[in-house]
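Below is one structure, written out as structure tokens; comments come after it.
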Amino acid sequence: MTRFAQFTAVALALVAPAFAACDYGTHLYPRERTVPVSTFGYNDLIGPLNWFGLNKTANKLCATGQHQSPIVLDSSIATAHGSSISFSVEPSPLGSEFENLGSTLEVPVNGSLKADGKDYTLAQFHFHTPSEHRINSEYHPMEMHFVFSAPDKSTAVVAFLIALGVPDLLLSSVFKHVEEIATPGHTTETGPLVFSALESHLTSNAIYTYSGSLTTPPCTEGVTWYISSQPLQIDQVTYGRVKEVIKFNARYTQNKLGGVNLLQNIADELK
Ligand SMILES: *[C@@H]1O[C@H](CO)[C@@H](O)[C@H](O)[C@H]1NC(C)=O
Ligand SMILES: *[C@@H]1O[C@H](CO)[C@@H](O)[C@H](O)[C@H]1NC(C)=O
Ligand SMILES: [Zn+2]
């Protein structure tokens, strides 16, 4: 070993741990924080057809409710102009936490919604693939849900269907490190998040609005939905990366609003 090579080896040995420390908390060095994994899912006996069976008290409405979501959005569902509601999400210039809950991929964020005379606070947004709502019976590859609550405990969801098309700046940044949360319970970080384009997409297109339910247990009703009639777009490559992690997490389409619950109907038919 030459004197120079010796010096280089020593210098590298000293420098390498410093690089590792700088990367702690970034995608090169994921944080070890974990999140609880959902007890319900989308396959076999933990799937949507048996959510009632997982807890007959807590999840009763999943099998008996008559205003359940998701539904087909067609001309029977009320529409309003997007500018009739005020939807605002705080930007995260350094990125946000991104969590795999087993049942969905979720980003905690702050924001607000003013709609139908009520003020709501945002808790998180998350994704479904394929879409849960269907426009004129047609499904889309993905759906994004922003979940809000009001001081009176009522819930509102602002939703966007997502079609395949051109890359979207926000979605590309959300899913920047999605491979790192392939295992349920793991967390990583999104890229920088800016929502101004999403906010103007919502306010410049018509929205469907109806009173339905959570699409996951306990299927609570009285949830006000505001769904953009115009899908966002995501590029094929990003969509493929996301689908490989989420795999499948859409509840089956429910009966028309006010109609018998489809599970209750089957139970009656089998008697
Ligand atoms: C079912 O849900 C209720 C709350 O509605 C809870 O008190 C109970 O512990 C749950 N039962 C099981 C088996 O998880
Ligand atoms: C949301 O706001 C609260 C209160 O200002 C703050 O503590 C929290 O870090 C914010 N969360 C995010 C994800 O920005
Ligand atoms: Zn959802």
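Structure above, values below:
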read-out	value
Among residues of region 95-116, those that are in a loop (DSSP other than H, G, I, E, B) and touching a Leu at 6+ places or on another chain (Cβ under 9 Å), counted	4
Matching residues, region 179-200, being buried (at least 19 other Cβ atoms within 10 Å of the Cβ) and under 12 Å from Val158 (Cα atoms)	Leu198
Which numbered condition Ile71 misses (of (1) more than 21 Å from Leu193 (Cα to Cα); (2) open to solvent by 30 Å² or more (accessible area, probe 1.4 Å))	(2)
Residue count, region 208-231 (criterion: assigned to a loop (DSSP other than H, G, I, E, B), away from ligand 3 (no atom under 12 Å from the Cβ) and either under 16 Å from Phe160 (Cα atoms) or free of Cβ contacts under 8 Å to residues at least 12 places away in the same chain (or both))	3
Residue match in region 122-141 (condition: assigned to a strand (DSSP E or B), within 21 Å of Leu101 (Cα to Cα) and touching a residue at least 60 places away in the same chain (Cβ under 8 Å))	yes
Matching residues in region 90-101 - criterion: being among the aliphatic types (A, V, I, L, M) and either more than 17 Å from the chain's Cα centre (by Cα) or away from ligand 3 (no atom under 16 Å from the Cβ) (or both)	Leu94
Residue within region 132-140 that is within 22 Å of Gly191 (Cα to Cα), at pLDDT 95 or above and of a type outside the set (Val, Ile, Thr) present	no
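The values are calculated or read from the model by the stated rules, or taken from the named source; none is laboratory data. In this text, all values refer to a predicted model and were calculated from it rather than measured experimentally. Cβ sites come from the backbone with ideal geometry, for glycine too, and all protein chains shown count toward neighbours. Quick note on the areas: whole protein, heavy atoms, side chains included, nothing else; ligands and nucleic acids left out. Shrake-Rupley method; radii C 1.70, N 1.55, O 1.52, S 1.80 Å.
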